[in-house]
1. Beyond 39 Å, what share of the Cα-Cα pairs of chain A is found? Please give it as a whole percent.
2. Using the beta-carbon distance between A:Glu154 and A:Asp280 and R0 = 35 Å, what value does 1/(1 + (r/R0)^6) give for FRET efficiency, to the nearest 0.05?
3. Could you name the lysines whose alpha carbon sits less than 18 Å from that of B:Lys36, not counting residues in the same chain fewer than 8 places away?
4. Roughly how big is the range B:7-50's charge dipole about its Cα centre, with Cβ charges of +1 (Lys, Arg) and -1 (Asp, Glu), in debye to the nearest 20?
5. What fraction of the DSSP beta bridges in chain B is antiparallel, stated in percent and rounded to the nearest 5?
6. With unit charges on the beta carbons (Lys and Arg positive, Asp and Glu negative) and the dipole taken about the Cα centre of the protein assembly as shown, which residue among A:Ala203, B:Ala5, B:Val97 sits farthest to the positive side?
7. Using square roots of five times the C-alpha gyration tensor eigenvalues, list the equivalent-ellipsoid semi-axes of the range B:7-50 in whole Å, biggest first.
8. Give me the net charge for the shell around B:Leu289: Cβ to Cβ below 9 angstrom, other residues only, Lys and Arg +1, Asp and Glu -1.
Protein chains: 2
Amino acid sequence: MSQTASIKDVATHAQVAVGTVSNVLNYPDRVSQRTKERVLKSIAELGFVRNDAARQLRAGQSRTIGLIVLDVGNPFFSSVARAAEDAAAALGSVVLVGDSGQDASREAHYMDLFQEQRVQGLLISPVGDVGQRIDTLRERGVPTVLVDELADTERCSSVSVDDEEGGYLAAKHLLDTGRRRLAFVGTPSIRQVASRLKGAQRAVSEVSDAGIEVLDSEGQTVLTGRKVGNSLVERSPEERPEAVFCSNDLLALGVMQSLTMLRTVRIPEDIALIGYDDIDFAISAVVPLSSIRQPTEALGRTAIELLAEEQESGGTKHRSVVFTPELVVRQSTAGAPK
Amino acid sequence: MSQTASIKDVATHAQVAVGTVSNVLNYPDRVSQRTKERVLKSIAELGFVRNDAARQLRAGQSRTIGLIVLDVGNPFFSSVARAAEDAAAALGSVVLVGDSGQDASREAHYMDLFQEQRVQGLLISPVGDVGQRIDTLRERGVPTVLVDELADTERCSSVSVDDEEGGYLAAKHLLDTGRRRLAFVGTPSIRQVASRLKGAQRAVSEVSDAGIEVLDSEGQTVLTGRKVGNSLVERSPEERPEAVFCSNDLLALGVMQSLTMLRTVRIPEDIALIGYDDIDFAISAVVPLSSIRQPTEALGRTAIELLAEEQESGGTKHRSVVFTPELVVRQSTAGAPK
DNA sequence: ACTCGTTTTTGAATCGTTTCATTTGTTACG
DNA sequence: CGTAACAAATGAAACGATTCAAAAACGAGT
């Protein structure tokens, strides 16, 4: 009783063949009512629990999907992950989440791990150059879907958000409210951030007397945002930008804290502020923060859908879905300047 | 080449026996240099990747530890989870994270799933009554460690934080700074919250002219905190508490937003505010928030350690580790009132 | 009672690894 | 040259499920 019962033990106990027990579990219709009851009774009495490893070995594949994100602590990714988990659960699969922490070697480590687990498929928000590895996986029948990154459709499917459009929306909004001297805060070395900046620059170029200054935050956290905010406070009023666009909400909240703490700069009167991601904290910040909302649930759900499509097509048909971000206006960009 | 190579294919390719390939992977010292090189070369050429399911099946156990938390979105749990993952990685194990969302049926679902996976052990922050299931698991050789919950040492190990002490620390601090009319905000139906309240009440009872009012927040989020904050603002100044202790930082931040937004109440001059958990956002709030810090990294790390102890002792020896929380004083409780 | 057709049950083969008792190969020493 | 001692390599058995061709049981019709 102490050790786990196997299907064989159940068969013996119920006086049937092992195949019958398996049928009860997998094809109940093939088994007569009487034996089914007997087997189920034995299963309950012995406390039998399927051994997933044995099942997988025979099946050659697991019911598991791997997901590698840049940072699970980031609300954006945890939201995507949760949506993916829910969608996968509906298909009877489980999602394993790996956190690369923006480190290529950790990313590679998780890819190896998932390969050993014979995952059904892989969802990944890549940090390193994973093209080669994805090719290998595809050859072996493991489809991959890029998340939050546009893929070469020759290679694999992807689900992403139009970052350039998001950047454009944010800057356009600031310009529409009359601000002209803009600043962009972020780390353009990250692809998503660079795209957002590009969109912002496009919006600025459409307005003759507008300009945008780029401030590298060297990080995407609240703390690095505060540093940038402090540097803005130290400037003389006429050297300060009229509006600041941060590449994510954490940065924006950091900037906001620096600006409001010293009470010399008012938001939005002196400086308007907009972030990106629309995390839960944005609406409940000191000054409710305008932001660019990304459809995280749709991202996660669609990623699973695309993975299913890949599986059905045998990994030959790829598709890229690009969502459009949405401007959310709150108090931090209200009114006109001056 | 398209399908995955097995150890047998490697053996054929390298012209050795399968056992030798296995030895190269698991006991390199048993194999001569020459054959080792040959096998490794074949492995590389064929792109062989271990099949974890087969390995587990043979081993009878996985290299996997299950962790069930109340909410992965909560920074407290995501921090504990990360620490557990790191500690497990050092032992060559992987942590699977399941989110019960405070729902007993989801919790049961994950327990079933982990049992099918034959996890090495289970870490769980329980929501339902899991005593029975834990007993069953123990009988089957799967040790369990309760996380953030004190266990009956007869049954299993646990790692927790002294919530009553934390509550005491918070209230004592408020009293020490001269505040007398306190308010407690939280949902006492949750065990941890109830303990914190109990500790706070003890501190209050030690001071003759002090009192504490309990405000049920019906939730533990920023939004529910704001509701409570609004109700405080609506009160006449003399009816307002001098200090508010919130059962977590999200609530406290919500309360803070309500109070500061209307600019009629000053923090900490009119109302002092203290939270619980010391999440990253606490230090960077409008008014930096005093809080009770819980050693999340130690919790996660120790949980894994206790699990290892359980395994070594064959599940006979149980131990409970209780950490002491720590008061972190910031601006939100600075100075004396009036 | 016998046949045919259908439903139910059987049990050996299989998945890919690890283990371990044996066999084979090598070296050292009398 | 023989053999003991040790190192290295072998390959069959086992883990626990699923599958599937074959056997058995059943029921209906004559």
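The values are calculated or read from the model by the stated rules, or taken from the named source; none is laboratory data. These numbers come from a predicted model, not from an experiment. Ideal geometry is used to build each Cβ from the backbone, glycine not excepted, and the neighbour counts take in all protein chains shown. When the accessible area is computed, the model is the full protein with side chains, heavy atoms only, and any ligands, DNA or RNA have been set aside. Shrake-Rupley method; radii C 1.70, N 1.55, O 1.52, S 1.80 Å.
1. On the way: 18475 of 56953 pairs.
Of all Cα-Cα distances in chain A, 32 percent exceed 39 Å.
2. Working: r = 38 Å, r/R0 = 1.08.
For A:Glu154 and A:Asp280, the calculated efficiency is 0.40.
3. Partners within reach: B:Lys8.
4. Dipole size: approximately 60 debye.
5. On the way: 3 of 38 bridges.
Roughly 10 percent of the beta bridges in chain B run antiparallel, per DSSP.
6. Value: B:Ala5.
7. Values: eigenvalues 41, 20, 18 Å².
Three semi-axes, in Å: 14, 10, 9.
8. Details: positive: B:Arg330; negative: B:Asp249, B:Asp278.
With Lys, Arg at +1 and Asp, Glu at -1, the neighbours total -1.
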